[in-house]
Amino acid sequence: MPQSYTKLFTYWFSLIIYDLTAEFCKKWIKSYKLSEQMSGAARSGKQNIIEGSENMSTSLKTAIKLTNIAKGSLEELLADYEDFLRQRQLSIWSKTDSRVISWRAKFARLVKNLSYLRTLGNLRQDFALPQNPEDAANLLLTLCHQASFLLNRQVEALIKKHTHEGGFTEKLYHARKNYARS
C-alpha cells in the first residue's frame, strides 16, 4: 500500500526538484557549501512534505507547520536559482515566456494523471536536466514556483480542514467527554 504522501502532487514536484537539484549542483555549483545548502533546501522541502503528511492523523497543526516549512525550503532554493542566474548575467524567464508556458503545460498534464507520477522512471525521462545552465536553472525555478503554488493551496486546504473538523486533541477531548456522559 502506497504511503499517503505519494498521493500529493507537492511530493512529486519536490522529488523532481530534489533529484534535479542534486544533478544541477554537481554540474554547475563549484562551492561545496552552496551545493550543500541547495541540496539541503531541496531535501528539506521533500522531507517536510512527507513528515507533514504522516503527521496528519495525529496533528493537523503539525501538518500545517511542516507543509509551510517545506514551502519555505523551496522558496529558499528558488532564491538560490535566481542568484545563480543573476550572478552569471543569465536571464530569469518570466512566467509568460513561451518555454515556461510549455513546461507549465507539461507539468499540468502530468499532474492530471497521478498513476503516471507513481513511476519514477517516467518522471526522470520527462524531466531531464537541460545541458545549458540558463535553461536548467529556469526549469528548476519554474518547478519551484509550481511547487510553491501547490503548497500554498495545500496549506489553505489543511487550515480549512482544521477549521471544520478541529484538531486531534479536540477530537480526543470530545470523545472522552461523550464517553463520560454515557
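Quick note: the coordinates plus some simple rules give every number you see, no bench work behind them. What you see is a predicted model, and the numbers here were worked out from it, not measured in a lab. Cβ atoms come from the backbone with ideal geometry, glycine included; neighbour counts cover every protein chain shown.
Translational diffusion coefficient of the stretch 4-181 at 10 °C, 1.306 mPa s, Stokes-Einstein with Kirkwood Rh over Cα pairs, in µm²/s as a whole number. Each step should come with its number before you reach the end.
Values: Rh = 17.4 Å.
Value of D from the Cα-based Kirkwood radius: 91 µm²/s.
Ranked for footprinting exposure by Cβ neighbours inside 10 Å, fewest first, Tyr5, Tyr11 give Tyr5, Tyr11.
Dividing the summed helix terms, -39500 (n - 2.57) for each DSSP H run of n ≥ 4, by the number of residues in the chain produces a 222 nm estimate of -27000 deg cm²/dmol to the nearest 500.
FRET efficiency for Thr169 and Ser31, Cβ-Cβ distance as r, R0 = 41 Å, nearest 0.05? Don't skip to the answer; put the middle values down first.
Numbers: r = 45 Å, r/R0 = 1.09.
Taking R0 as 41 Å, the efficiency between Thr169 and Ser31 is 0.35.
Taking all Cα pairs closer than 8 Å and separated by 6 or more residues, the relative contact order of the chain comes to 30 percent. Only helices at least 15 Å long along their own axis, judged from Cα atoms, and with Kyte-Doolittle mean hydropathy of -0.5 or greater: name those in the chain from DSSP H. Helices meeting the criterion: 9-28, 60-87, 98-112, 133-165.
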